[in-house]
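I have placed the structure first, in the form of structure tokens, so that the comments after it can refer back to it.
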Amino acid sequence: MASAAGETGKKRAIRSFVRRSGRLTASQQRAIESLWPVYGIEFRPKRLDLDQIFGRAAPRVLEIGFGNGDTLVRQAASDPDLDFLGVEVHEPGIGHCLIRARETGVANLRLIRHDAIEVLESQLPPQSLSRINLYFPDPWPKKRHHKRRIVSPAFVALCAERLVPGGTMHIATDWAEYAGHIDEVFGDSHRFRCAERRKHAGDRPLDRPMTKFERRGLRQGHEIVDWRFERVA
Ligand SMILES: C[S@@+](CC[C@H](N)C(=O)[O-])C[C@H]1O[C@@H](n2cnc3c(N)ncnc32)[C@H](O)[C@@H]1O
């Protein structure tokens, strides 16, 4: 991950998020207390044994920054043969996702409450994922914040290492200038080829349900770009 020298001269990580102090509703709080032991995986800088965690060997899908988790839970419910791992730092979103998980009764879902970069680096083994979903990553529109954007050459290389050859990375954004950045970063990577790129008005997403931030972008009159990048063998 990108780093910058802090005031003390110590290296300080530049993260793709700021911790928002969004308040948990009472039901989200209860869901975290009762369901985290069922669906949650604690962050530790140690490789996970995913077969043991999910109780089977199956293709695995990672969603980075799942927000309120509606899309993640819907995908897990509609694809019971795949295992889904969601990573998010926003506590109310995690609470909301747990409520949805209980409602649908999905068994093929686990959540990690931590920076996805560190999860990819330390917890996920090489070639452990079939698919990575990154839907509407924070666009960090101000130039001085561009260094916070999650899509960077280092991130793309890390994702490539965690995907099986032929695995796919699905990205969507409603931010035209970020779309140009994503095209550029993936265009420079020899580890991925662009298998599909689609510009649309929320009506032709690539193989995913509509997300909360997509709806927000559409209300603001934004166009959506969806990509499917394939990990080159
Ligand atoms: C703009 S929101 C999109 C949420 C959801 N994917 C959607 O489309 O509705 C981006 C989300 O990514 C999360 N996020 C950003 N950087 C992250 C990181 N490094 N690790 C985990 N989550 C991250 C934020 O907390 C936020 O909830």
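Can you find a residue in region 179-199 that is assigned to a helix (DSSP H, G or I), in contact with a strand residue (DSSP E or B) (Cβ under 6 Å, 6 or more places away or on another chain), under 24 Å from Glu121 (Cβ atoms) and touching a residue at least 60 places away in the same chain (Cβ under 8 Å)? There is no residue in region 179-199 that is assigned to a helix (DSSP H, G or I), in contact with a strand residue (DSSP E or B) (Cβ under 6 Å, 6 or more places away or on another chain), under 24 Å from Glu121 (Cβ atoms) and touching a residue at least 60 places away in the same chain (Cβ under 8 Å). Reported count of residues in region 176-216, each being touching a His at 6+ places or on another chain (Cβ under 7 Å) and within 11 Å of the ligand (Cβ to nearest atom), is 1.
Taking Arg100 as the residue in question, decide whether it is out of contact with any Pro (no Cβ under 6 Å at 6 or more places or on another chain) and within 16 Å of Ser34 (Cα to Cα). Against the criterion (out of contact with any Pro (no Cβ under 6 Å at 6 or more places or on another chain) and within 16 Å of Ser34 (Cα to Cα)), Arg100 qualifies. When Gly187 is tested against (1) surrounded by fewer than 12 Cβ atoms within 10 Å (Cβ to Cβ); (2) out of contact with any Cys (no Cβ under 9 Å at 6 or more places or on another chain), only condition (2) is not met. Take Thr173 and decide whether it is in contact (Cβ under 8 Å) with a residue 60 or more places away in the chain, closer than 21 Å to Leu72 by Cβ and within 18 Å of the chain's Cα centre (by Cα). Taking the combined requirement at face value, the residue does not satisfy it.
With the condition kept exactly as written, say whether any residue in region 62-70 is within 16 Å of the ligand (Cβ to nearest atom), at pLDDT 95 or above, surrounded by 17 or more Cβ atoms within 10 Å (Cβ to Cβ) and over 26 Å from Arg149 (Cα atoms). Don't jump to the end; show me each part of the working.
Taking region 62-70 and keeping what is within 16 Å of the ligand (Cβ to nearest atom), we get 62-70.
Still in the list and also at pLDDT 95 or above: 62-70.
Applying the additional criterion that residues be surrounded by 17 or more Cβ atoms within 10 Å (Cβ to Cβ) yields 62-70.
Retained after the next criterion (residues that are over 26 Å from Arg149 (Cα atoms)): none.
Scanning region 62-70, I find no residue that is within 16 Å of the ligand (Cβ to nearest atom), at pLDDT 95 or above, surrounded by 17 or more Cβ atoms within 10 Å (Cβ to Cβ) and over 26 Å from Arg149 (Cα atoms), so the answer is no.
Yes or no: Gly86 in a strand (DSSP E or B), within 15 Å of the chain's Cα centre (by Cα) and either within 12 Å of the ligand (Cβ to nearest atom) or of a type in the set (Gly, Ala, Ser) (or both)?
Values: in a strand (DSSP E or B): yes; within 15 Å of the chain's Cα centre (by Cα): yes; either within 12 Å of the ligand (Cβ to nearest atom) or of a type in the set (Gly, Ala, Ser) (or both): yes.
It is true that Gly86 is in a strand (DSSP E or B), within 15 Å of the chain's Cα centre (by Cα) and either within 12 Å of the ligand (Cβ to nearest atom) or of a type in the set (Gly, Ala, Ser) (or both).
A count restricted to region 9-46 and to residues that are small (Gly, Ala, Ser), away from the ligand (no atom under 15 Å from the Cβ) and modelled with pLDDT under 95 stands at 1. Taken over region 101-137, the criterion of being buried (at least 20 other Cβ atoms within 10 Å of the Cβ) and part of a helix (DSSP H, G or I) is satisfied by Ala101, Ala116, Ile117, Val119, Leu120, Gln123. For region 152-171, the condition holds for no residue, the condition being that it is in contact with a strand residue (DSSP E or B) (Cβ under 9 Å, 6 or more places away or on another chain) and part of a loop (DSSP other than H, G, I, E, B).
The values are calculated or read from the model by the stated rules, or taken from the named source; none is laboratory data. None of the values given here were measured: they were computed from a predicted structure. Virtual Cβ from ideal backbone geometry, glycine too; neighbours counted across all protein chains shown.
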